[in-house]
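Here is the structure we will look at.
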Amino acid sequence: MIKVIFKRLIILNIIFVLLMMIYRVIFTFYYSSVSNLMPYLTDLLKAFVLGFRYDMAVIAYINITVTLSFIILFFINSKNAFVKFIKILKYYYTLFFGGIISILCIDFGFYSYFQNHINILIFGVFEDDTKALFSTLVENYPIVLVTIGFISIFVFVFFLTKFILEKNITSFILGTVKIQYKILVTFILICLNFMLARGSFGLFPLGVDNAEVSNNIFINRVSINAIYTLQAALEARSKENRGMNYIAKMGYENNIPKAFSDYLSIDIANIPKDNPEQSLVKITKYNKNIEEIKPNVIVIVMESLGTDLMHYNSQTFNVLGEFKKHLDEDIVFYKFLPGHMGTIGSLEAVITNIVRLPLSKYLCQSKYAYNKYFYSGPIPYKNQGYETTFLYGGNAGWRNTGSYMPNLGFDKIIGEGSMPKNYERNQWGVYDEHLFDRIFTLLEENDNKKFIYAMTTSNHPPYSLPKNYKTMPLILTPELEKAITGDMKLSKMRFATYQYSAQKVGEFLTRLKKSKYANNTIVAITGDHNFWSTFTYPIERKLDTMSVPLYLYIPKKLMPDKANIDTTICASHTDIMPTLYELSLSSTSYCAMGTNLFSRQAKDNIASNDLGLIMNKDYALIYDFSSDNKKFYTWNKTKPREIELTEKTQEHENMEKHYKSAVAIAQYMLINDKGEIK
């Protein structure tokens, strides 16, 4: 009887390992084509072997309880106890194996949107606009069938487990086993379970960091198991909730002035010990034209306005529409990083004037939501008598922004709920054309100078378009079609909403340039993040997986010296507000971590984001915050947007120091929010 039970347990577990491997095969060839994988066949084989180890480790963890129970019953040697154990086991395996298969299915859907396995962003499901999110799910997925599918998984596992384990179990005879064999079997089972659970014979157990087998990002994602990435997400979330000491982790505990010194590359003697944040305070130069014009300033953050799609634009694949002529006419930075790969995190990076803390809770939903933020984006404008408005195409209460934004210095918080009822809407809010109309309404309301921070929603799942919008040509070239990952129909919908958003922001700029505001309004346009799930790029195209543009319209009288305009430099969201202050405010103090992109210092600017991509004009560094692992790159001389591996240089060391000091400073600024600009 013991041998029969043992064999059946082995068979059952082999079936579930095979199911996990089948999932990996389906995942691989659904999200990538055979032609894309052909150059990496050796790496793909390594990924499957490593994936098998991950799967076995998960199975081994589940079986720890089973193994220990089996050993105890082995020594008790009671048939009745074994029969009860088997009958209980079908519920145990149904719960855990059913759960694993369900998580893999969720991971499959998660990847289709985020182009990555389950990670900390999954918690946004519970923190985002729940109604809009549910509506999106209903729109994109057959939710009833999905629910039935998940129930079916557990039913299938239950009856499969029952069939394999319980068949004729009561009719078997329990024999006797010598004690020395029991000890030997116990030793073997414990060792085998332990080694399989570790997944490694090395010093450290198998972990998420071991998933790299190739320089192809997608193949590395083939190997990793979603259970591992979910565990990593839970650990990161736990650290969020406990409150990580970033200052200590970055090496500046009890020495925060050193962080300011390293970040600013100045002698620590020049950093005020009692209030080091004053070293970030700058005063804009006196400018006669600014004094006369006192320009309006409009910052528009476009949903999913990634840079990489812009490079595919053509007459037959027209994703830019009317925006194209403005991109050609005005100033655009293309080597530009979002502060985060999510809307709310990028909002923080732009408007708080500090870098976003890696793996941290969003400020608006954290204990810092009610800080006064003396260094936040609108404050210098508010101090100069500007009317400051946060304008969002969606719900103004989204992620607590209704309470958070006033603390940043906004006088008005406007969401779609207060916009005219005749504005056409999708699940997330009003279409972009109406948001741009509302900007003009705000400009025309009174003679006050305006600072407007606006966020669009249209280029967001479920990717719908207004009824009266006619799509321009979007014919896919073979090259483009080959690059697309996942669902082709969904990708085409994404291209259409991207085109719509670009067309409407282009129309807004055309209207503005023809209006009375052409000579007294500065406009900055960027994306909150890139598309999540349209293309998969190799590691050398890391920039293309993340980058968004920064477009600037500046009236002629306010245009900086041409000698100071270099759009090839690297920059990020934290550089937007300091640049706008210098363009629009005269003799005004401000506190910010970013750089004025038209200053002499900008040529050596270091750009980074909370995902650990750090870059300047010559080098790039990918830094894993959790593990402290680093990889060093230089820019490819023949392909300017691509990086290639290189040996570590002093420049890389300086970039790492800059990044770590920035993270430490950001936490210090959040903790010490009662400062003021002096």
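Points worth noting:
- Hey, residue 22 under 24 Å from residue 152 (Cα atoms) and either buried (at least 20 other Cβ atoms within 10 Å of the Cβ) or among the hydrophobic types (A, V, I, L, M, F, W, C) (or both) or not: yes
- Conditions (1) without any contact (Cβ under 8 Å) to a residue 60 or more places away in the chain; (2) in contact with a strand residue (DSSP E or B) (Cβ under 8 Å, 6 or more places away or on another chain); (3) not hydroxyl-bearing (Ser, Thr, Tyr); number of the one not met by residue 400: (2)
- Per the conditions (1) more than 27 Å from residue 622 (Cα to Cα); (2) surrounded by fewer than 18 Cβ atoms within 10 Å (Cβ to Cβ), the sole criterion not satisfied by residue 290 is (2).
- Every pair of residues 6+ apart whose Cβ atoms lie under 7 Å, when the first sits in region 273-293 and is in contact (Cβ under 8 Å) with a residue 12 or more places away in the chain and within 26 Å of residue 561 (Cα to Cα) while the second is exposed (fewer than 11 other Cβ atoms within 10 Å of the Cβ) and not hydroxyl-bearing (Ser, Thr, Tyr): 281/678
- When residue 11 is tested against (1) without any contact (Cβ under 8 Å) to a residue 12 or more places away in the chain; (2) closer than 29 Å to residue 222 by Cα, exactly one condition is not met: (1).
- Taking the listed residues 413, 439, 354, the one that is modelled with pLDDT of 85 or more, assigned to a loop (DSSP other than H, G, I, E, B) and aliphatic (A, V, I, L, M) is 354, with no other qualifying.
- Residue count for region 165-176, restricted to those that are surrounded by fewer than 16 Cβ atoms within 10 Å (Cβ to Cβ) and either modelled with pLDDT of 70 or more or of a type in the set (Val, Ile, Thr) (or both): 6
- Criterion: surrounded by 14 or more Cβ atoms within 10 Å (Cβ to Cβ) and among the β-branched types (Val, Ile, Thr) - qualifying residue of 17, 34: 17
- Selected residue [within 30 Å of residue 482 (Cα to Cα) and either touching a residue at least 12 places away in the same chain (Cβ under 8 Å) or in the same structural domain as residue 160 (by TED's automatic domain parsing) (or both)] from 19, 68: 19
- Residue in region 409-416 that is crowded, with 24+ Cβ neighbours inside 10 Å and either in contact with an Asp or Glu (Cβ under 6 Å, 6 or more places away or on another chain) or within 28 Å of residue 586 (Cα to Cα) (or both) present: yes
- Looking across region 451-505, the residues that are buried (at least 23 other Cβ atoms within 10 Å of the Cβ), assigned to a loop (DSSP other than H, G, I, E, B) and polar (S, T, N, Q) come down to 456, 457, 458, 459.
- Filter result (closer than 21 Å to residue 505 by Cβ, out of contact with any Pro (no Cβ under 7 Å at 6 or more places or on another chain) and assigned to a loop (DSSP other than H, G, I, E, B)) within region 416-432: 419, 420, 423, 428
- Residues being under 25 Å from the mean Cα position of the chain (by Cα) and either among the charged types (D, E, K, R) or in the same structural domain as residue 115 (by TED's automatic domain parsing) (or both) - total across region 541-562: 3
- So residue 66, is it out of contact with any Asp or Glu (no Cβ under 7 Å at 6 or more places or on another chain), among the β-branched types (Val, Ile, Thr), in a helix (DSSP H, G or I) and more than 30 Å from residue 183 (Cβ to Cβ): no
- Only one entry of 9, 50, 73 meets the criterion of being at negative phi and either modelled with pLDDT of 90 or more or within 39 Å of the chain's Cα centre (by Cα) (or both), and that entry is 50.
- Taking each residue of region 182-204 that is in contact (Cβ under 8 Å) with a residue 24 or more places away in the chain and assigned to a helix (DSSP H, G or I) and looking for partners that are of a type outside the set (A, V, I, L, M, F, W, C) and loosely packed, with under 15 Cβ neighbours inside 10 Å with beta-carbon atoms closer than 9 Å, six or more apart or interchain, yields 197/205; 198/205.
The values are calculated or read from the model by the stated rules, or taken from the named source; none is laboratory data. Because the structure is predicted, anything quoted here is derived from the model rather than measured. Methodologically, a virtual Cβ is constructed for each residue, glycine included, from the backbone with ideal geometry; neighbour enumeration extends over all protein chains shown.
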